[in-house]
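Q: Take this structure, written in structure tokens, and hold onto it; I'll ask about it next.
The values are calculated or read from the model by the stated rules, or taken from the named source; none is laboratory data. Small disclaimer: the values here were computed from a predicted structure and weren't measured. In this analysis, Cβ positions are derived from the backbone assuming ideal geometry, glycine residues included, and neighbour counts consider all displayed protein chains. Each accessible area value is taken on the protein alone, full model and side chains, heavy atoms only, with ligands, DNA and RNA left out. Shrake-Rupley method; radii C 1.70, N 1.55, O 1.52, S 1.80 Å.
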Amino acid sequence: MKSFSIRTLLLVLFITSATFSLEAAAQSCRPSGNIWGRKPPPGQCNQENDSDCCVQGKSYTTYKCSPSVSSNTKATLTLNSFQKGGDGGGPSECDNQYHSDDTPVVALSTGWYSGGGRCHNNIVISANGRSVRAMVVDECDSTMGCDEDHDYQPPCRNNIVDASKAVWKALGVPEDNWGELDITWTDA
């Protein structure tokens, strides 16, 4: 009788533990905090691709995570210049280099960037009935913004694939519709 009770107790504990673990893994990414916007100094926020500049006193949500990656991860595609002098700010995080806007490259939100774990790996982006391979070269920082290092732009949302013009062209999106687009992506 005692061994049956101990086995039953262990089974119940195992099932309970597994259930809580699955629930924790399935939870969506939650905000990690916020930062307050600062007005950029004159000429310090490059709005080349309709980029937003921080607004003095506005609260911006920050994230240390992104939604789970699957074979069909939903995201928002945004437009970014990775060239020197472009709205992307400094050189790319992965290699400290600038990249031509004619090359299919992307920056991923902080959680997906995975501390550089996806650097120089290709991802496949799908939208508009097409797919394109692009190389990860940078982080779209979801944890910080509104400072000189981030070109006085707000932090990225946690579901952003920030892409060069080459990606938008390959997806067949008309230039007057560039800006934001619902996409799916996966590791190549």
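Q: Considering the stretch 123-159 alone, what residues qualify as being closer than 17 Å to ASP102 by Cα and of a type in the set (Asp, Glu)?
A: Answer for the stretch 123-159, where residues must be closer than 17 Å to ASP102 by Cα and of a type in the set (Asp, Glu): just ASP138.
Q: Given the structure, is HIS99 part of a loop (DSSP other than H, G, I, E, B), surrounded by 18 or more Cβ atoms within 10 Å (Cβ to Cβ), of a type outside the set (Val, Ile, Thr) and touching a residue at least 24 places away in the same chain (Cβ under 8 Å)? If you could, list the steps in order and put the result at the bottom.
A: Values: part of a loop (DSSP other than H, G, I, E, B): yes; surrounded by 18 or more Cβ atoms within 10 Å (Cβ to Cβ): yes; of a type outside the set (Val, Ile, Thr): yes; touching a residue at least 24 places away in the same chain (Cβ under 8 Å): yes.
Against the criterion (part of a loop (DSSP other than H, G, I, E, B), surrounded by 18 or more Cβ atoms within 10 Å (Cβ to Cβ), of a type outside the set (Val, Ile, Thr) and touching a residue at least 24 places away in the same chain (Cβ under 8 Å)), HIS99 qualifies.
Q: Determine whether the stretch 111-122 contains at least one residue that is under 10 Å from the mean Cα position of the chain (by Cα) and of a type in the set (Ser, Thr, Tyr). Step through it out loud before you land on a result.
A: Pass one, the stretch 111-122, residues under 10 Å from the mean Cα position of the chain (by Cα): 111-114.
Then keep just the ones that are of a type in the set (Ser, Thr, Tyr); that gives 113-114.
Yes.
Q: Does LEU108 fit the bill of being in contact with a Leu (Cβ under 6 Å, 6 or more places away or on another chain) and at pLDDT 95 or above? Talk me through it step by step, then tell me what you get.
A: On the way: in contact with a Leu (Cβ under 6 Å, 6 or more places away or on another chain): no; at pLDDT 95 or above: yes.
Against the criterion (in contact with a Leu (Cβ under 6 Å, 6 or more places away or on another chain) and at pLDDT 95 or above), LEU108 does not qualify.
Q: Please enumerate the residues belonging to the stretch 131-169 that are in contact (Cβ under 8 Å) with a residue 60 or more places away in the chain, under 16 Å from TRP112 (Cα atoms) and β-branched (Val, Ile, Thr).
A: Answer for the stretch 131-169, where residues must be in contact (Cβ under 8 Å) with a residue 60 or more places away in the chain, under 16 Å from TRP112 (Cα atoms) and β-branched (Val, Ile, Thr): THR143, ILE160, VAL161.
Q: Okay, moving on. Can you pull out every residue in the stretch 55-70 that is within 15 Å of the chain's Cα centre (by Cα) and within 21 Å of SER32 (Cβ to Cβ)? Give the derivation first.
A: Taking the stretch 55-70 first, the residues within 15 Å of the chain's Cα centre (by Cα) are 61-70.
If the condition is that a residue be within 15 Å of the chain's Cα centre (by Cα) and within 21 Å of SER32 (Cβ to Cβ), then THR61, THR62, TYR63, LYS64, CYS65, SER66, PRO67, SER68, VAL69 are the ones that fit.
Q: Further question: Scanning the stretch 121-164 for residues that are hydroxyl-bearing (Ser, Thr, Tyr) and within 18 Å of TRP185 (Cα to Cα), which turns out surrounded by the most Cβ atoms within 10 Å (Cβ to Cβ)? Write out each step before concluding.
A: Initial filter on the stretch 121-164 (hydroxyl-bearing (Ser, Thr, Tyr)): 126, 131, 142-143, 152, 164.
Cutting the leftovers down to within 18 Å of TRP185 (Cα to Cα) gives us 126, 131, 164.
Values: SER126: 14, SER131: 15, SER164: 27.
It comes out as SER164.
Q: A further question on this structure: Any residue in the stretch 119-126 that is modelled with pLDDT of 95 or more, among the small types (Gly, Ala, Ser), assigned to a strand (DSSP E or B) and touching a helix residue (DSSP H, G or I) at 6+ places or on another chain (Cβ under 7 Å)?
A: If we filter the stretch 119-126 for residues that are modelled with pLDDT of 95 or more, which is where we start, we get 119-126.
Subsequent filtering for residues that are among the small types (Gly, Ala, Ser) retains 126.
Filter again for assigned to a strand (DSSP E or B), leaving 126.
In the following step, the residues that additionally are touching a helix residue (DSSP H, G or I) at 6+ places or on another chain (Cβ under 7 Å) were identified as none.
So far as the stretch 119-126 goes, no, none of its residues is modelled with pLDDT of 95 or more, among the small types (Gly, Ala, Ser), assigned to a strand (DSSP E or B) and touching a helix residue (DSSP H, G or I) at 6+ places or on another chain (Cβ under 7 Å).
Q: Moving to a separate point now. Only one of these is of a type in the set (S, T, N, Q), under 17 Å from the mean Cα position of the chain (by Cα) and closer than 29 Å to GLY57 by Cβ: THR186, THR143, THR73. Name it.
A: Numbers: THR186 fails: closer than 29 Å to GLY57 by Cβ; THR73 fails: closer than 29 Å to GLY57 by Cβ.
Testing whether each residue is of a type in the set (S, T, N, Q), under 17 Å from the mean Cα position of the chain (by Cα) and closer than 29 Å to GLY57 by Cβ leaves just THR143.
Q: List the residue pairs whose Cβ atoms are under 6 Å apart, where the first residue sits in the stretch 108-127 and is free of Cβ contacts under 8 Å to residues at least 24 places away in the same chain and over 15 Å from SER92 (Cβ atoms), the second is part of a helix (DSSP H, G or I) and not polar (S, T, N, Q), and the two are 6 or more positions apart or on different chains.
A: The qualifying pairs do not exist here.
Q: Still on this structure, I have one more. Could you check how many residues of the stretch 36-86 are surrounded by fewer than 17 Cβ atoms within 10 Å (Cβ to Cβ), among the hydroxyl-bearing types (Ser, Thr, Tyr) and either assigned to a loop (DSSP other than H, G, I, E, B) or at pLDDT below 95 (or both)?
A: Qualifying residue count, the stretch 36-86: 3.
Q: Could you grab me the full set of residues in the stretch 165-175 that are of a type outside the set (A, V, I, L, M) and buried (at least 19 other Cβ atoms within 10 Å of the Cβ)? Talk me through it step by step, then tell me what you get.
A: Step one: of the stretch 165-175, the residues of a type outside the set (A, V, I, L, M) are 165, 168-169, 172, 174-175.
Correct list: LYS165, TRP168.
Q: Right, another one. How many residues does the stretch 107-120 contain that are touching a Phe, Trp or Tyr at 6+ places or on another chain (Cβ under 8 Å) and open to solvent by less than 10 Å² (accessible area, probe 1.4 Å)?
A: The total comes to 2.
Q: Yes or no: ALA188 in contact (Cβ under 8 Å) with a residue 24 or more places away in the chain and more than 25 Å from LYS84 (Cβ to Cβ)? Full working, then the answer.
A: Working: in contact (Cβ under 8 Å) with a residue 24 or more places away in the chain: yes; more than 25 Å from LYS84 (Cβ to Cβ): yes.
When the stated conditions are applied, ALA188 passes them.
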